[in-house]
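Note sheet for the following structure.
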Amino acid sequence: VQLVESGGGLVQAGGSLRLSCAASGSTFSIDTMGWYRQAPGKQRELVATIASGGGSTNSADSVKGRFTTSRDNAKNTMYLQMNSLKAEDTAVYFCNALGIDTGWGTWMTFWGQGTQVTVSS
């Protein structure tokens, strides 16, 4: 499975951005997807996850009420709507997906290359 993020960029504090993660690859069925981020000098941290059906989501306390994740399974795409951005949200944002090979029944985790989000204060 290939995951490609887009939508990052430079935004002022208080602004909004919408990230997208497009998944491709025909042998795996995608289950849970998630967004992670890594700021300079810090460990990668979980931002939000969303179940396969899109009805169940979880998010880090630091982004609750500001970030919303969703997915469109028909388009194999996951989104992260980020509002009220803060300088501390500055990081590289990575897309993550848990998939099962429909032929072998093997579970694997996939990562995108990341997209930079910079919030100026």
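The values are calculated or read from the model by the stated rules, or taken from the named source; none is laboratory data. Everything numeric here is computed off the predicted structure, so don't read it as measured data. Don't worry about glycine lacking a Cβ; one is built from the backbone with ideal geometry, like all the others, and counts go over all protein chains shown. Quick note on the areas: whole protein, heavy atoms, side chains included, nothing else; ligands and nucleic acids left out. Shrake-Rupley method; radii C 1.70, N 1.55, O 1.52, S 1.80 Å.
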Here is a list of conditions, (1) among the aliphatic types (A, V, I, L, M); (2) modelled with pLDDT of 95 or more; (3) outside any loop (DSSP other than H, G, I, E, B); (4) surrounded by 14 or more Cβ atoms within 10 Å (Cβ to Cβ), and Leu85 meets all of them except one; can you say which number that is? (3)
Have a look at Lys42, Lys75 and point out the one that is under 18 Å from Glu5 (Cβ atoms) and in a loop (DSSP other than H, G, I, E, B). Lys75
Does segment 106-113 contain any residue that is open to solvent by less than 60 Å² (accessible area, probe 1.4 Å), at pLDDT 95 or above and not aromatic (Phe, Trp, Tyr)? yes
Among (1) open to solvent by less than 30 Å² (accessible area, probe 1.4 Å); (2) at pLDDT 95 or above, there is one condition Asp101 misses while meeting the rest; what is its number? (2)
Criterion first (within 22 Å of Thr118 (Cα to Cα), touching a helix residue (DSSP H, G or I) at 6+ places or on another chain (Cβ under 8 Å) and either surrounded by fewer than 15 Cβ atoms within 10 Å (Cβ to Cβ) or not small (Gly, Ala, Ser) (or both)) does Val63 satisfy it? yes
